[in-house]
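Below is one structure; the comments refer to it alone.
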């Protein structure tokens, strides 16, 4: 309640001040550019200077594929969560987290984790459903990015750029609603507070039930920001946001495993609406982030950027656990059962980071250099609390039988628990990097960069609340350093064509223990990539084609073992090789037509596996071979002025859930086949003066399919649904 009152108070102050200064003349305000206006006008990402590259280089000058989804696309598609936005980025696909507890993505055969998600250039915890109404745009750097960001996964990074202040008064208020009793009021207001200070504040409240019985969600979001033009050449941006999200963890329908053979399949006997958990289970996430950005123009050739950020993240979780129906075919009867267990934990993460980037341009003879020098560092403290049950018998919340729905009871009291222990991990990172784009001639350029990274995870400190002791877990920590080079060749004969080839090397730390209780060495990753970027239709459309190979040496993975005491252990799996091709088409061929499209192919397999390791040339689970997307929106100017119609289609190819097979195993396979699927959404909207209304039908053909985390969290995709948004622009 205090946070809500504070939010309303800040909103009132901001609106009052901005109203008083509504008539400030725009030509009296000296400000540096905060947004890339050209990007929003054309929709062509090749003409942008993305913040995620930390440099002043355009997309055409960067020898790697970069995707940008602007707020215009987010709004016209009425995206409800980040996964709806990421569907527009070809080659990045939705996976699933345990219990459907967060947006989870993969790219180029590798799963994205905390190291792959950023907000305004600073790393954030990925264990949430981010609020998309506060986003100016989403930038995705595909592939390996260790030279700029250190120990990030090789599939790519996602950078969420929040909305920034403006020196003209404006904004909007809106209301969205739709299927399953969902509604969402929103506001976004911006304007000047003085000739040198501007503000923006946006926020929302969202309530939504689900096509899944007993599943619901409540979300609050508040995002204030201020910009201070300290001088003609110096700008300070101060911004923060707060997300509160309470929802029902949901493990879906589960899988059925034959204990005799070990073979698993999806439990399609369960209706996609049926909820198998308890009526009280919950998860509450809170995330508060703040960052301070200093931009200073030293002269016409050199500029300085510094970003300091802080994040607090908490997760309070109490729920029934993984759904795995078990039966024995050897007994000759099909009677799958599931001993419904409970789990509770609480997690808190505090994370602070600082980065400084110096960009400049100079000549040596006739050769032009565009250089970047930077340093970054961060410190994180992660606490995980484990709970015991007051009555140990409550660990098992009853046995359910797949072929007897009368046993699928959701009733029962929430058991009493108490904190038993806390695991604390402190992480320190530091990096130095330098990059130079060398224009050997007007057409031929070379990009050379290198980074030195240092990472240290302290030994896990275990506090036992019952015994009153606190001791480190020996050998649980990790200390590593690495040099990550990047080299690129670029043929750039004009502003509308770029042909490139790159090599990058990076490392990825592996947490956990091997079977000898020793910490794991880091994986080494090599990426080779070639591509073409081309602007068409008077530079309004970008057509980008990329081919790549990624070699991940010394990969480890968690073993699938019945003995849970080995859950922290990992086994050596050999190498992983990812090969693929991506085609992206983005832009506005006319002022009234918006296009997005793409298709990607990926083949990620294990190679050079040990004798007792994984199967050679077997594809990695949770990785579709094919993905594709298409989106078309058109605004009428003659027939019915202000009418907008659109359609989007997303295809996710066949993939496998579960775990990859291991040589020498007794069961037939540990993998589950999942068919590919296509969803189609259609939209229609109408704008009149300051009002607009949009309607949307999602999953038009009511396709049935699933997002699966390993073999136990099998979550049906959303059926056909209806959604509308009413907006008034100030």
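The values are calculated or read from the model by the stated rules, or taken from the named source; none is laboratory data. Keep in mind the model is a prediction, meaning the values are calculated, not measured. Cβ placement follows ideal geometry from the backbone for every residue including glycine, while neighbour counts extend to all protein chains displayed.
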Checklist outcome for this item: Residue hits (the stretch 187-198; surrounded by 20 or more Cβ atoms within 10 Å (Cβ to Cβ) and out of contact with any strand residue (DSSP E or B) (no Cβ under 6 Å at 6 or more places or on another chain)) are 191
Checklist entry - Would it be correct to say that residue 283 is part of a strand (DSSP E or B) and more than 25 Å from residue 708 (Cα to Cα)? => result no
Checklist entry - Say we look at the stretch 482-519 and pick out the residues that are more than 26 Å from the chain's Cα centre (by Cα) and at pLDDT below 90; which of these is surrounded by the fewest Cβ atoms within 10 Å (Cβ to Cβ)? => result 516
Item to check | Residues that are in contact (Cβ under 8 Å) with a residue 24 or more places away in the chain and surrounded by fewer than 19 Cβ atoms within 10 Å (Cβ to Cβ), drawn from the stretch 332-343 | outcome: 334, 335, 337, 339, 341, 343
Checklist outcome for this item: Taking the stretch 90-129 and the residues there that are under 20 Å from residue 73 (Cα atoms), in a loop (DSSP other than H, G, I, E, B) and in contact (Cβ under 8 Å) with a residue 60 or more places away in the chain, the one that is nearest to the chain's Cα centre (by Cα) would be 129
Checklist entry - Just for the stretch 390-409: of the residues that are in a strand (DSSP E or B) and in contact with a strand residue (DSSP E or B) (Cβ under 7 Å, 6 or more places away or on another chain), which one is farthest from residue 317 (Cα to Cα)? => result 401
Next on the checklist: Being surrounded by 14 or more Cβ atoms within 10 Å (Cβ to Cβ), touching a strand residue (DSSP E or B) at 6+ places or on another chain (Cβ under 6 Å), more than 30 Å from residue 510 (Cβ to Cβ) and modelled with pLDDT of 95 or more: is that true of residue 387 here?
Outcome noted: no
Next on the checklist: Residues to consider are 270, 293, 256; find the one that is farther than 19 Å from residue 401 by Cβ, in contact (Cβ under 8 Å) with a residue 60 or more places away in the chain and either touching a strand residue (DSSP E or B) at 6+ places or on another chain (Cβ under 9 Å) or assigned to a loop (DSSP other than H, G, I, E, B) (or both).
Outcome noted: 293
Item to check | Filter result for residue 446 (surrounded by 14 or more Cβ atoms within 10 Å (Cβ to Cβ), in contact with a strand residue (DSSP E or B) (Cβ under 7 Å, 6 or more places away or on another chain) and within 24 Å of residue 362 (Cβ to Cβ)) | outcome: yes
Checklist entry - Which of (1) in a helix (DSSP H, G or I); (2) modelled with pLDDT of 95 or more does residue 330 not meet, given it meets every other one? => result (2)
Checklist outcome for this item: Just one listed residue, out of 194, 176, is at pLDDT 95 or above, more than 30 Å from residue 529 (Cβ to Cβ) and either under 22 Å from the mean Cα position of the chain (by Cα) or part of a loop (DSSP other than H, G, I, E, B) (or both), and it is 194
Checklist entry - Would a scan of the stretch 359-370 turn up a residue that is under 23 Å from residue 249 (Cα atoms), touching a strand residue (DSSP E or B) at 6+ places or on another chain (Cβ under 7 Å) and assigned to a strand (DSSP E or B)? => result no
Item to check | Residue among 164, 184 that is outside any strand (DSSP E or B) and surrounded by fewer than 23 Cβ atoms within 10 Å (Cβ to Cβ) | outcome: 164
Next on the checklist: Given the condition outside any strand (DSSP E or B), under 30 Å from residue 370 (Cα atoms) and at pLDDT 95 or above, answer yes or no: does some residue in the stretch 304-327 qualify?
Outcome noted: no
Item to check | residue 132 being modelled with pLDDT of 95 or more, assigned to a loop (DSSP other than H, G, I, E, B) and under 23 Å from residue 312 (Cα atoms) | outcome: yes
Checklist entry - When you scan the stretch 199-222, how many residues do you find that are within 19 Å of the chain's Cα centre (by Cα) and crowded, with 21+ Cβ neighbours inside 10 Å? => result 1
